[in-house]
Every structure is written in structure tokens, then in C-alpha cells.
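Below is one structure, written out as C-alpha cells; the observations come after it.
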Amino acid sequence: MKHPRLKYEQRTFAQIDEMAETLLHEANEQLIRIDMGLLPNDVQSRNYAKFRLMHLQRSFGESIPLSFRSTYNSLWSQLYRLEHQGDYKHPYIQQLLIQLKSHDSSSTK
């Protein structure tokens, strides 16, 4: 029986472990390029890694196997660190900040 999520982009993998190793490696390489300054620390560059990690999460279902969990969690941590180092703010948070600033400026008048 074939695993339904052994495809990513235009690639098909023979085993889920092969897909996991490949996608984790690609995500890691992208995060290293961002850290080294070879790529900008922007949403588009980070999404390359993020989408691979999210695909693995969906493919494995309930939990990531122990053999991949440490690397998987570490890559998510690196991704979050890069998001907070950059100028990224979630659109909802941006909207709240704008509302707060406008409320503060109107209340001081």
C-alpha cells in the first residue's frame, strides 16, 4: 500500500523516511543560507523551509518519529528565531499595533 503523501512538489519518494531526510536537509540548507546572509531573512526565503516542515508534519500525522524529531524541532526553533530577528510581524499583530498607535495619539490630543 502506497503512502498518500510521498510527493512533494514534482518529486515522488519511495519511502517516507527518504522524503523526511530530503525535506529536512533542504530546510536546514535554506536556514543556513539565510543565517550566512546568502539569502534575505524575509518571508519568502523562510517559507521555503517552513513549507517543507509543514508537509512533514501532515505526512507523519499525529507525531514525528523519534528518529527525526530532534532535527525537526531544531529546524522549527531556527525558523522562529529568524522570524523574530527579521521585521516579520503577523498581519493581525500589525493591525493591532496600528490601532494602538492611533488610539494613543488620539487620546493624547
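The values are calculated or read from the model by the stated rules, or taken from the named source; none is laboratory data. Keep in mind that what you see is a predicted model, and the values were worked out from it rather than measured. Note that we place each Cβ from the backbone using ideal geometry, even for glycine, and neighbour counts take in every protein chain shown.
Checking the structure you have, find out if any residue of the stretch 67-76 is within 10 Å of the chain's Cα centre (by Cα), within 30 Å of Leu6 (Cα to Cα) and not hydrophobic (A, V, I, L, M, F, W, C). Can you show your working first?
Start the filter on the stretch 67-76 by keeping residues that are within 10 Å of the chain's Cα centre (by Cα), which leaves 75-76.
Next, from what is left, pick out any that are within 30 Å of Leu6 (Cα to Cα): 75-76.
Narrowing further to those that are not hydrophobic (A, V, I, L, M, F, W, C): none.
So far as the stretch 67-76 goes, no, none of its residues is within 10 Å of the chain's Cα centre (by Cα), within 30 Å of Leu6 (Cα to Cα) and not hydrophobic (A, V, I, L, M, F, W, C).
Looking only at the stretch 35-48, decide whether some residue is among the aliphatic types (A, V, I, L, M), in contact with a helix residue (DSSP H, G or I) (Cβ under 6 Å, 6 or more places away or on another chain), surrounded by 11 or more Cβ atoms within 10 Å (Cβ to Cβ) and touching a residue at least 24 places away in the same chain (Cβ under 8 Å).
No: zero hits.
Any residue in the stretch 55-66 that is closer than 17 Å to Glu18 by Cβ sitting within a Cβ distance under 6 Å of a residue that is outside any loop (DSSP other than H, G, I, E, B)? List the pairs, counting only those 6 or more apart or interchain.
Going by the 6 Å Cβ cut-off, the qualifying pairs are His55/Tyr8; Leu56/Ala20; Leu56/Leu23; Ile64/Tyr72.
Just the residues that are among the hydrophobic types (A, V, I, L, M, F, W, C) and part of a loop (DSSP other than H, G, I, E, B), please, taken from the stretch 36-49.
Once the filter is applied, which keeps residues that are among the hydrophobic types (A, V, I, L, M, F, W, C) and part of a loop (DSSP other than H, G, I, E, B), the stretch 36-49 yields Met36, Leu38, Leu39.
Considering only residues that are surrounded by 11 or more Cβ atoms within 10 Å (Cβ to Cβ) and modelled with pLDDT of 80 or more, look in the stretch 81-95 and name the one that is farthest from Ile32 (Cα to Cα).
So in the stretch 81-95, the residues surrounded by 11 or more Cβ atoms within 10 Å (Cβ to Cβ) come out as 81-83, 85-86, 88-89, 94-95.
Within this subset, residues satisfying the condition of being modelled with pLDDT of 80 or more are 81-83, 85, 95.
Working: Arg81: 12, Leu82: 11, Glu83: 14, Gln85: 14, Gln95: 31 Å.
Out of the qualifying residues, it is Gln95.
Give the number of residues within the stretch 50-81 that are out of contact with any strand residue (DSSP E or B) (no Cβ under 8 Å at 6 or more places or on another chain), part of a helix (DSSP H, G or I) and within 21 Å of Thr12 (Cβ to Cβ). Spell out the reasoning first.
First, the residues of the stretch 50-81 that are out of contact with any strand residue (DSSP E or B) (no Cβ under 8 Å at 6 or more places or on another chain): 50-51, 53-54, 56-81.
Filter once more, keeping what is part of a helix (DSSP H, G or I): 50-51, 53-54, 56-60, 66-81.
From the residues that got through so far, the ones that are within 21 Å of Thr12 (Cβ to Cβ) too are 51, 53-54, 56-60, 68.
Of the residues in the stretch 50-81, 9 are out of contact with any strand residue (DSSP E or B) (no Cβ under 8 Å at 6 or more places or on another chain), part of a helix (DSSP H, G or I) and within 21 Å of Thr12 (Cβ to Cβ).
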